Amino acid sequence: MKLTLHVWRQKSGSHAGRLERYQHNSVNPHMSFLEMLDVLNEELIAKGQEPVAFDHDCREGICGSCGFMINGIAHGPQRGTTVCQLHMRHFKDGDELYLEPWRAKAFPVVKDLVVDRSAFDRIITSGGFISANTGSAQDGNTLLVPKQNADLSMDAAACIGCGACVASCPNGAAALFTGAKISHLALLPQGQPERYSRVSKMVAQVKEELFGSCTNIGECEAVCPKEIKLEVIARMNRDYLKAVWTERGDAAPDEG
Ligand code: SF4
Ligand code: FES
């Protein structure tokens, strides 16, 4: 396969960036998208040119390191797929592809397709954990969890923190990510003692970072490689409302 690639090249956050055109004539349809870039980089290095910088680690869709825009779609055209799991057989010979980094104020460009997602780490550090020492692993079924909650919690815990939701949102909101991280703990018994202080702290940290507000557009859900559902945002908002009302001493909505 032959492809024409237009790749965003930017030396650092303080340099101006531009799209650079590359003709890639040795694309194997069985390659993953990142392997295709590896081959391009080998060719660039052989010519004495700077390789394209992109983030990656597991290349199995589980670590959340990879991700960039392919023709304006976060992680590319295949639904529920990270860019490391996207294979070249989904493209056609002669395709023209535009590769750009996540575009969001809260994710400044580090180099080429690499952005700084440490704002996500700070949201987790603000409260996305359980502070009690839980000791060694419990025997199975010692702590009973309703099946529906276990399933919903597991679905939310699938979030890999890639940032595609932020990059796709016209507001640059981090609501799907934060809602997923809040939901997977809010649905389990272990998450209950700090449930409302956790949501207060994490939402406060989201406001501290340069993320926008959620206006329920839903683009985040459409591009999420782990198919996290918008309902995690509803759960976060309900818990946040309850935290605010409880702080004020008002009657709070029911838990759910
Ligand atoms: S919610 Fe989805 S798109 Fe957003 S960070 Fe998590 S896995 Fe990535
Ligand atoms: S490299 Fe780990 S999810 Fe893509």
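Observations on the structure shown:
- For residue 229, the conditions (1) within 12 Å of ligand 1 (Cβ to nearest atom); (2) on the phi > 0 side of the Ramachandran plot all hold with the exception of (2).
Conditions (1) within 13 Å of the chain's Cα centre (by Cα); (2) more than 13 Å from ligand 2 (Cβ to nearest atom); (3) over 30 Å from residue 188 (Cα atoms), marked per residue:
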position: 65; (1), (2), (3): yes, no, no
position: 93; (1), (2), (3): no, yes, yes
position: 117; (1), (2), (3): yes, no, no
position: 129; (1), (2), (3): no, yes, no
position: 132; (1), (2), (3): no, yes, no
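- Some residue of segment 135-150 being surrounded by 18 or more Cβ atoms within 10 Å (Cβ to Cβ), within 20 Å of residue 231 (Cα to Cα) and touching a Leu at 6+ places or on another chain (Cβ under 8 Å): no
For (1) within 21 Å of residue 132 (Cα to Cα); (2) among the β-branched types (Val, Ile, Thr); (3) touching a His at 6+ places or on another chain (Cβ under 9 Å), each residue gets a yes or a no:
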position: 191; (1), (2), (3): yes, no, yes
position: 194; (1), (2), (3): yes, no, no
position: 210; (1), (2), (3): no, no, no
position: 243; (1), (2), (3): yes, no, no
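- Of all residues in segment 71-90 being of a type in the set (A, V, I, L, M) and more than 15 Å from residue 219 (Cβ to Cβ), the one that is surrounded by the fewest Cβ atoms within 10 Å (Cβ to Cβ): 88
- Any chance residue 161 is touching a residue at least 60 places away in the same chain (Cβ under 8 Å) and either among the basic types (Lys, Arg) or within 16 Å of ligand 2 (Cβ to nearest atom) (or both): yes
- Filtering segment 158-174 to residues that are near ligand 1 (Cβ under 10 Å from one of its atoms), more than 8 Å from the chain's Cα centre (by Cα) and not hydroxyl-bearing (Ser, Thr, Tyr) leaves 158, 167, 169, 174.
Here is a yes/no grid of residues against (1) at pLDDT 95 or above; (2) closer than 20 Å to residue 36 by Cα:
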position	(1), (2)
96	yes, yes
113	yes, yes
126	yes, no
142	no, no
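- Selection of first residues in segment 216-238 that are touching a residue at least 40 places away in the same chain (Cβ under 8 Å) and of a type in the set (D, E, K, R) and of second residues that are part of a helix (DSSP H, G or I) and open to solvent by 40 Å² or more (accessible area, probe 1.4 Å), restricted to Cβ pairs under 8 Å at least 6 apart or on distinct chains, gives the following pairs, ordered by first then second residue: 227/221; 229/155; 229/221.
- Meets criteria (at pLDDT below 95 and open to solvent by 70 Å² or more (accessible area, probe 1.4 Å)) for residue 188: no
- Look at segment 1-19: where a residue is within 16 Å of residue 68 (Cα to Cα) and charged (D, E, K, R) and a partner is open to solvent by 50 Å² or more (accessible area, probe 1.4 Å) and part of a loop (DSSP other than H, G, I, E, B), sitting 6+ places away or on another chain with Cβ atoms under 9 Å, you get 9/50.
- Residue within segment 196-211 that is surrounded by 17 or more Cβ atoms within 10 Å (Cβ to Cβ), closer than 25 Å to residue 144 by Cβ and not β-branched (Val, Ile, Thr) present: yes
- Search result, residues across segment 3-32 that are in contact with a Ser or Thr (Cβ under 9 Å, 6 or more places away or on another chain) and exposed (fewer than 12 other Cβ atoms within 10 Å of the Cβ): 21, 23
- Considering segment 26-56, and only residues there that are part of a loop (DSSP other than H, G, I, E, B) and within 17 Å of residue 112 (Cα to Cα), the residue that is farthest from ligand 1 (Cβ to nearest atom) turns out to be 49.
- Hits in segment 32-63 (condition: touching a Leu at 6+ places or on another chain (Cβ under 9 Å) and within 16 Å of ligand 2 (Cβ to nearest atom)): 32, 33, 34, 36, 37, 52, 53, 54, 55, 56, 59
- Filtered by the rule that a residue be within 14 Å of ligand 2 (Cβ to nearest atom) and in a helix (DSSP H, G or I), segment 224-237 gives no residues.
The values are calculated or read from the model by the stated rules, or taken from the named source; none is laboratory data. This one's a predicted model, so the numbers in the text were calculated from it and none came from an experiment. Cβ coordinates were reconstructed from backbone atoms using ideal geometry, including for glycine residues, and neighbour counts include every protein chain displayed. Heavy atoms of the whole protein, side chains included, go into the accessibility calculation; ligands, DNA and RNA do not. Shrake-Rupley method; radii C 1.70, N 1.55, O 1.52, S 1.80 Å.
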